[in-house]
Each structure stands twice: as structure tokens, then as C-alpha cells.
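The values are calculated or read from the model by the stated rules, or taken from the named source; none is laboratory data. Bear in mind that the values here come from a model prediction, so they are computed numbers and not experimental data. Virtual Cβ from ideal backbone geometry, glycine too; neighbours counted across all protein chains shown.
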Amino acid sequence: MSISKKKNFDANLKFVYSDNDTLSVIFHDNNLLIGVVGEFNKNLKELEKITETNLYSRGNSILIKSTPDKNEKVKDAIKFLANQFINNGNIENKDIISSIDKFMIKEKVKNQNVTDIIKTPKKSIIPRSEKQKDYVRALRQNDIIISAGPAGTGKTFLAVAVGLTMLLEKKIERIILSRPAVEAGERLGFLPGDMKEKVDPYLRPLYDSLYDLFHFEKIQRMIEIGDIEIAPLAFMRGRTLKNSFAILDEAQNATDTQIKMFLTRIGENSKIVVNGDPSQIDLTNKSMSGLDRSKKLLSHLNEISVIDFDHSDVVRHPLVSKIVKAYNNHND
């Protein structure tokens, strides 16, 4: 945050304590209040549900009614959300979750290692768990990174964010995003169109991550001129990737031979990232998945970092973490 923004942020909030365990957060900027509260109070309702407190929007204030400890926690969450709105112009559901579940805002934001923050043109990305911090550091420091874990742990999003910043800083010349073209338990049949139109449905999550981090028109232009390449895994055979940041997503659906092929594409000044969720293998023969084997075979190499995420690292809707945990417990 710039000095001018920090002064503006500090001047916009005032905290008034009452004897009946009520804390008032007074906003001097109504636009900031509206941004924090959300349309039809949706942000406030979500924060109220997560923290199990009573929150009210009255005039230019948010009233917090709970125990003194919870009041302080919600106060810090509101400060975090106000800061988020000032910096990025919007508040997403995951920000509300992070404000309570992943951060003790008073300490962690103050002590956040600046090198962990990923600054992209549309937003600043802050790792929300210790594993995510380790992952971001590995993405910056290691030549090859293999990560495995459930949906919603940020494997693809963080990798795309780091790759995009490296591209914009001209540390690399291109980003290559790839994944196996394997149907997720369904038979889609014949798909019309040229090759790009046939494979785009499989690669849509990669596009979504890019558009969330940079302006649509600029991403489209970068794809057109080849700064960003999105291709099925089958197209990687026989290539050498130089000055590149290559990501293989959904690697649980790649065979042992395919992952070996992808890893051995690495060339001068390049990074390769392999991501997957071992619990979502869509191959007909699940034993053919090469993700776990690649972790076991390569984890001893200093240049290769292996990161294992679990349900506690999920940063999507709180239910995702509970769903993942329930399925894991059942499988165990």
C-alpha cells in the first residue's frame, strides 16, 4: 500500500467501544462502506455467518455485537476488507474467508513477507497458508515444481500468477499452459470446429486464471502473438522449452510416460510446473496416472520442489474444504 493510500485508509475508519460489548466501526467514506458491506449487505452477511457474530449496518457504521475477543477479530477482518477494497476496487468471497480463516490480520498482514506477495496488473495475490507460501517461493526459486492436492488450494492460480509476473518483468519470453485432453467422467462425443475450438473446453480453467489476473484484451493479444501459448499435452512432444514458464495442469490425468516427456522439455532459463489432484483421476485405468510416481522418483533432487496440499489449504468456499475432508475420511 502506498503512503497516500495508507493515510487515506487510516483516516477512513474510526472504532468506538461501548459498555454492552458493542464495537462500532465508523466509516468517513460512504463508498468504502458500501464496498465493504457489499450489495444487499452480502459481504456483511457472509462475515456474520463465518464469525458467528451479530453485525448491523447503521448509517455510516458497522456495529459488531459479540464477545470482546470476537469483536476484535471482526474489527481486524473489516480493516482487512477495507484495505482490500482500496487496493483492488472490489471484495470477493474468498477475501472474506481469508480475513477470518487464514489470517489473524493484526499480526500476519503487518508481518507479511513482501517477497511472498504476487503483484499482477489487476490485483495483488497473497498466499493464504504456509503451504501456499512454500509453493510461491518454490515457483520463484526452483527449476521444476510438482504439486499435488485437492481442488481449491490455488495450485494453478498461483502458478499462473507467478508466470505472468515473470513474463511482464521480461524474465521469461513466454508462458506455456498445458493439460491432458481427458474427459472428466463424461463422453462429450464429436466436437465441431478447428483444433483450437476442439481443445479449448479442456483448457478453459487456464483461461479463467489468466483473465482474473490481467485485462481480457491484453491476454488475447498475448495469446495471438505467442507470448502465452495454451495447448494440449500431446502437442508438447519433441519440443525444447527455452526462456519459458510451462505449467502442466490436471497432471493426475497424465500417464507416467507423458509426465516424463513434459518434464524433459525443460531448456535454458525455464521453469516447469506440474499440478494435479490425485483424488480426481479420470483415466480409465487409474493406476496409469503418473503424478504420484513422479513425486516419489524426483523429490530427492535439490532443483525440484514437491509440495503436497491438503484440505486446510483450500481457499474457495468454506464448504469445499469440508467436502474434501469428508471424502478423504471416507476413502481412509
Check: Scanning for something surrounded by fewer than 21 Cβ atoms within 10 Å (Cβ to Cβ), modelled with pLDDT of 95 or more and either part of a helix (DSSP H, G or I) or of a type outside the set (Lys, Arg) (or both), does segment 177-190 turn up at least one residue?
Finding: no
Notebook entry, point to check: For segment 252-277, which residues satisfy the criterion of being closer than 20 Å to ASP208 by Cβ and touching a Pro at 6+ places or on another chain (Cβ under 8 Å)?
Noted result: GLN252, ASN253, ASP277
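Does PHE27 satisfy the condition of being surrounded by 15 or more Cβ atoms within 10 Å (Cβ to Cβ) and modelled with pLDDT of 90 or more? Talk me through it step by step, then tell me what you get.
Numbers: surrounded by 15 or more Cβ atoms within 10 Å (Cβ to Cβ): yes; modelled with pLDDT of 90 or more: yes.
When the stated conditions are applied, PHE27 passes them.
Tally time: how many residues in segment 30-56 are in a loop (DSSP other than H, G, I, E, B) and at pLDDT 90 or above?
Within segment 30-56, the first condition is being in a loop (DSSP other than H, G, I, E, B), and the residues that meet it are 38, 52-53.
If we keep only those that are at pLDDT 90 or above as well, we get 38.
Here the count works out to 1.
Those residues that are among the polar types (S, T, N, Q), crowded, with 18+ Cβ neighbours inside 10 Å and at pLDDT below 95, I need them from segment 209-254; list them, please.
Our first condition is that a residue be among the polar types (S, T, N, Q); within segment 209-254, this holds for 209, 220, 240, 243-244, 252-253.
Narrowing the set further to residues that are crowded, with 18+ Cβ neighbours inside 10 Å leaves 209, 244, 252-253.
SER209, GLN252, ASN253 - these are the residues of segment 209-254 that are among the polar types (S, T, N, Q), crowded, with 18+ Cβ neighbours inside 10 Å and at pLDDT below 95.
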